[in-house]
Structures are given as structure tokens and as C-alpha cells.
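Okay, so here's the structure we're looking at.
Bear in mind that the values in this text are calculations on the coordinates, not laboratory data. All of these numbers come straight from a predicted model, not from anything done at the bench. As a convention, Cβ positions derive from the backbone with ideal geometry for all residues, glycine included, and neighbour counts pool all protein chains shown.
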Amino acid sequence: MTESSSITWRTLAWAIGPVIGVLLLRAGLQAQGENDASGLQPLRAATLVADPYQAMWAAARPFVFTALGLLAAALLLRWGLRAALRRHGWPRLRPWALALWVLAWGLGGAGLLASHFNQTGRHPVAEPEARVLLARAVPPGAHGPGGAELYLQLPDTSAPQRLLAEGESPAAWPPGRVARLQVQAGRWWGRWGRLAPPGGG
């Protein structure tokens with residue numbers, strides 16, 4: 001094996017290795033998450049809308065902002081890479097590009113681990129009583145049995161929150177009804193909750 005082919009294989013290994021490692025880590029963490037029998041669901045900020053146009057914008061907003069961010073990053077990368085190639089050439093830039101690639105995937109893996117440890121470090125907080133603003137049906141799917149997505153007004157938050165109540169019917173949660181929640185806070189961020197059993201059991 002010549003020296004050039006050895007360098008090529010080494011470069012290929014450094015390019016593919018981090019990707020495979022992060023994908024395997026993600027699969028392993030997902031498998032552990034599927035074994036979580038706590039029944040807790042993430043409490044997320046909700047957006048209540050008054051007309052169909054607001055609903056369309058609320059649904060499309062994450063995609064639009066993500067697409068704009070990716071487009072801006074791609075244009076900046078293309079401009080910067082072209083200028084760097086003209087000035088230094090690919091042989092001098094290749095180690096730096098490979099290092100940035102490995103760093104990016106390493107940060108992705110670190111983010112997965114941080115999210116995992118944040119959830120495994122959850123701890124109970126006070127059980128709030130929340131007022132139901134809206135309930136909508138969520139059909140069963142590959143990731144869950146479905147139920148009712150409740151839009152709630154919690155006493156300690158100004159913005160409405162939404163929570164999936166697995167196996168519940170939206171008809172059982174008319175607007176104005178009070179729901180008592182069991183809530184856990186993440187180790188560093190976020191909150192998870194579920195409906196408390198009647199009588200606090």
C-alpha cells in the first residue's frame with residue numbers, strides 16, 4: 001500500500017467514523033428511552049391562534065427559520081471555502097476541514113449525551129393545578145398510543161403549555177376544567193409531566 005493510498009484510507013476513516021459513532025450513540029440512547037416506563041411527556045410552550053393564517057404560520061415557522069439558517073450557513077461556507085481554496089489550496093486546508101468535520105459530529109454526540117443525562121436526572125417539583133384551555137385528539141402512531149393533547153395554563157408560567165395525555169379522550173377535558181399534574185424538572189432544563197391520578201395516588 002502506497003503512502004498516498006494510506007492517507008486516503010485514513011482520511012476516509014476519520015470522515016466516516018464520527019458519523020457512524022454518533023448514529024450508534026443515538027440508536028443506543030433511543031433504545032434506553034423506549035424502556036422508560038414513567039409515562040412522562042415533555043411540557044412544551046404552546047401557541048394559541050385565532051385564525052387559519054396564524055395556524056399556518058405557527059406550523060411553518062420552525063421549518064422556515066431552519067431553512068433560512070441552513071441557507072445562510074451554506075452561502076457563508078461556500079464563500080469562505082472558495083476564498084480559502086484560492087489562497088491556500090486544498091492540501092493545506094484538508095486537515096483543518098477534517099478537524100472541523102470531526103468537531104461538528106463530536107459536538108452533536110455531546111448534545112445527545114447532554115440531553116440524555118438531562119432526562120435521567122429529572123426530579124419531582126410541586127404538583128400544579130392547570131386550567132385546560134383546549135384539548136385535541138392525537139391519533140395512535142408508531143411512537144405512541146395517541147390520546148389527547150392538552151393546552152394548559154399553569155399558575156407559574158405566563159405562556160400556555162401543551163402536554164400529551166396518553167390514552168385520554170379530548171371530550172373528557174373541556175375548556176375550563178382543572179387538571180392536576182405530576183411534574184418533573186430536568187437536570188438542567190425542561191419539564192416533563194403527566195396527569196396525576198384521582199385522589200393523588
Problem - Nitroxide proxy distance, nm - points 7 Å out along Cα→Cβ at Q153 and S115 - result: 3.2
Handout entry: D (Stokes-Einstein, µm²/s), Kirkwood Cα radius, region 55-118, 0.890 mPa s at 25 °C
Key = 168
Completion exercise
Rounded to two decimals, the Debye log10 I(q)/I(0) of region 89-201 (Cα scatterers, no solvent) at q = 0.16, 0.20 Å⁻¹ is -0.83, -1.11
Completion exercise
So the angle from the long Cα axis of helix 90-120 to the longest Cα principal axis of the chain, reported in degrees to the nearest 10, equals 20
Exercise for the section: For region 99-140, take the alpha-carbon Rg, divide it by the Kirkwood Rh, and send me Rg/Rh. Expected result: 1.28
Exercise for the section: Consider just the alpha-carbon atoms of the chain and return their Rg together with their Dmax, both in angstrom. Expected result: 23.5, 75
